[in-house]
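S.K.: Structure below; questions to follow.
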Amino acid sequence: MDLTLHVWRQKGPQDKGKLETYPAKNVSPDMSFLEMLDEINDGLIRQGKDPIAFDHDCREGICGMCSQVINGRPHGKQEQTTVCQLHMRQYSDGDEIFIEPWRAKAFPVQKDLIVDRTSLDVIMQAGGYVSCHTGGVPDANVHPIPKPVADYAMDAAECIGCGACIAACPNSSAMLFTSAKVAQLAALPQGKPEARKRVKAMTEALLDEGFGNCTNHYECEAACPKGISVKFIAKLNREYLKSLMPTSTEA
Amino acid sequence: MNLFKSTVGRKILMAVTGLCLVGFISVHLLGNLSVFWGADAINAYAKHLHDLGPLVWVFRLIMLGLFAVHITFGIQLYLENRAATPDNYAVQKTLVTTFSAKTMVFTGLIVLAFLLYHLLHFTVQITNPEISARNLALVDGHLDVFTMVTKSFQNVFIALVYIIAMIALLLHLMHGISSWVQTLGWSTGSSQDKVTALGKIVAIVYGLAYIAIPLLLLARIVK
């Protein structure tokens, strides 16, 4: 099939950037979206032009590197699918495809479709971990965790940190990302001791990094390639409310 | 971290004050609907409110506080969220959000402008002095609120202002009435859709009931 691509080209962080049009000829429906871009880049390189810069790594939908807004939807039109797992059979001959980078103040464009997502790492560094003494591997079932709780934490842990929730959010809020981390750790015994500190620190870092506030649009959930539910945002809100209450050690 | 600075803290403040304001418009609506039961009903309602004396002022101060918090943080959050999204997409698409969710700050400001007019109109009574209760003949020794209300809404301009403002309120409630359930952490994945649907139904009922008053009086269906 033949397609017309409108791709965001931006030389560097300071460049203004603009959409440029490229024809994509003889695209196989079996190609992934990224393979289709690889072919375009091959052509550009052969013509002596600068290839389109885009992020990618595992190409199997788990690393969270690919980050493209395709026709206004982060990761393209297929639900719960990353760009690398999106295949060209989703498109038909003659389609026009607009490819843009994530857009948010907290995600400055580095080049073309690549944005700097360090701000998500800053949120993680604020509390997205469990402090524990390292040592030998603990015996299995030392911590009894009910199956529904383990499943709940696993659902939250599915977040690959790609940033699609922020790209989709009308407020560029990183609340779904943050809530997935907060909820996962708060649900498990290992995460509970630091739960109060964590929810405050991570939501504070979220604002400091220039993300917006969550106003319950739920675009994040709809765009998430891993189907992270906004119920985790409700959980984060509960964790925040709990953190306002004094504890026996504080009193 | 300060409740007034935190992103979640301010969201919770918006939800709690919003919920209190929903409580206020619920009571206000019930009182207003007494106009459909005739002059005696609404005049008696107005008299009961006046007879509360100093309590009215306590209530007004609480309302002022609620509005101040809700409006201040509403505008502040809107400005912060605008700043967080400096660039638009060439193809701008949304999947699940609603018109009412996207226009909260605007419908909110319309309701605020209306509120100021409404207070000048029916409370301070300076916008239409010729039909204000203060200047009308007393009925059985108390103010004739019924005539003030009916005469006001027989005026097309006044009725339209109220109807437009109540449409804005309806849109504001379409998002707001269900949103607090999520904000206070009470929603679960499976309950959220039902809560959202129920919130929209309640918002429509409130909106239509509020619109019915100026509309039916303007159309002279109720006299």
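The values are calculated or read from the model by the stated rules, or taken from the named source; none is laboratory data. Only a predicted model underlies this, so the values are computations on that prediction, with no experimental measurement involved. All Cβ positions, even for glycine, are placed from backbone atoms using ideal geometry, and neighbour counts span all protein chains on display. The area values use the complete protein model at the heavy-atom level, side chains included, leaving out ligands, DNA and RNA. Shrake-Rupley method; radii C 1.70, N 1.55, O 1.52, S 1.80 Å.
S.K.: Please verify whether the stretch B:154-168 includes one or more residues that are buried (at least 19 other Cβ atoms within 10 Å of the Cβ), under 30 Å from A:Ile233 (Cβ atoms) and within 14 Å of another protein chain (Cβ to nearest Cβ).
M.R.: no
Residue by residue, here is whether (1) in contact with a Pro (Cβ under 9 Å, 6 or more places away or on another chain); (2) hydrophobic (A, V, I, L, M, F, W, C); (3) within 14 Å of chain B (Cβ to nearest Cβ) holds:
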{"position": "A:Ser67", "(1), (2), (3)": "yes, no, yes"}
{"position": "A:Ile70", "(1), (2), (3)": "no, yes, yes"}
{"position": "A:Pro74", "(1), (2), (3)": "yes, no, yes"}
{"position": "A:Lys77", "(1), (2), (3)": "no, no, yes"}
{"position": "A:Thr82", "(1), (2), (3)": "yes, no, no"}
{"position": "A:His87", "(1), (2), (3)": "yes, no, no"}
{"position": "A:Glu100", "(1), (2), (3)": "no, no, yes"}
{"position": "A:Ala106", "(1), (2), (3)": "no, yes, yes"}
{"position": "A:Lys111", "(1), (2), (3)": "yes, no, no"}
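S.K.: Looking at this structure, is B:Ala46 part of a helix (DSSP H, G or I) and either touching a Ser or Thr at 6+ places or on another chain (Cβ under 6 Å) or more than 14 Å from every other protein chain (Cβ to nearest Cβ) (or both)? Steps first, answer last, please.
M.R.: Details: part of a helix (DSSP H, G or I): yes; either touching a Ser or Thr at 6+ places or on another chain (Cβ under 6 Å) or more than 14 Å from every other protein chain (Cβ to nearest Cβ) (or both): yes.
It is true that B:Ala46 is part of a helix (DSSP H, G or I) and either touching a Ser or Thr at 6+ places or on another chain (Cβ under 6 Å) or more than 14 Å from every other protein chain (Cβ to nearest Cβ) (or both).
S.K.: Read through the list (1) open to solvent by 10 Å² or more (accessible area, probe 1.4 Å); (2) away from chain B (no Cβ under 13 Å), then give the number of the only condition that A:Gly191 fails.
M.R.: Failing condition for A:Gly191: (1).
Rundown of residues vs (1) part of a helix (DSSP H, G or I); (2) in contact (Cβ under 8 Å) with a residue 12 or more places away in the chain; (3) over 19 Å from the mean Cα position of the chain (by Cα), yes/no style:
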{"site": "B:Val56", "(1), (2), (3)": "yes, no, no"}
{"site": "B:Phe59", "(1), (2), (3)": "yes, no, no"}
{"site": "B:Gly74", "(1), (2), (3)": "yes, yes, no"}
{"site": "B:Leu79", "(1), (2), (3)": "yes, no, yes"}
{"site": "B:Asp87", "(1), (2), (3)": "no, no, yes"}
{"site": "B:Val105", "(1), (2), (3)": "yes, yes, no"}
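S.K.: Any chance you could count how many residues in the stretch A:208-251 are closer than 26 Å to A:Met65 by Cα, open to solvent by 40 Å² or more (accessible area, probe 1.4 Å) and either modelled with pLDDT under 95 or at the interface with chain B (Cβ under 7 Å from one of its Cβ atoms) (or both)?
M.R.: Selection size over the stretch A:208-251: 2.
S.K.: For the condition facing chain B (nearest Cβ under 8 Å), open to solvent by less than 30 Å² (accessible area, probe 1.4 Å), part of a helix (DSSP H, G or I) and closer than 15 Å to A:Met124 by Cβ, what is the one hit in A:Val199, A:Val182?
M.R.: Values: A:Val182 fails: facing chain B (nearest Cβ under 8 Å).
Only one candidate passes the filter, namely A:Val199.
S.K.: Still on this model: Can you tell me which residue within the stretch B:84-105, out of those that are more than 7 Å from chain A (Cβ to nearest Cβ) and open to solvent by 60 Å² or more (accessible area, probe 1.4 Å), is nearest to A:Cys224 (Cα to Cα)?
M.R.: Looking at residues that are more than 7 Å from chain A (Cβ to nearest Cβ) and open to solvent by 60 Å² or more (accessible area, probe 1.4 Å), I get B:Asn88.
S.K.: Would you check if there is a residue in the stretch A:116-130 being assigned to a loop (DSSP other than H, G, I, E, B) and within 14 Å of chain B (Cβ to nearest Cβ)? Can you show your working first?
M.R.: Taking the stretch A:116-130 and keeping what is assigned to a loop (DSSP other than H, G, I, E, B), we get A:116-117, A:128-130.
From what's left, within 14 Å of chain B (Cβ to nearest Cβ): none.
Scanning the stretch A:116-130 turns up no residue that is assigned to a loop (DSSP other than H, G, I, E, B) and within 14 Å of chain B (Cβ to nearest Cβ).
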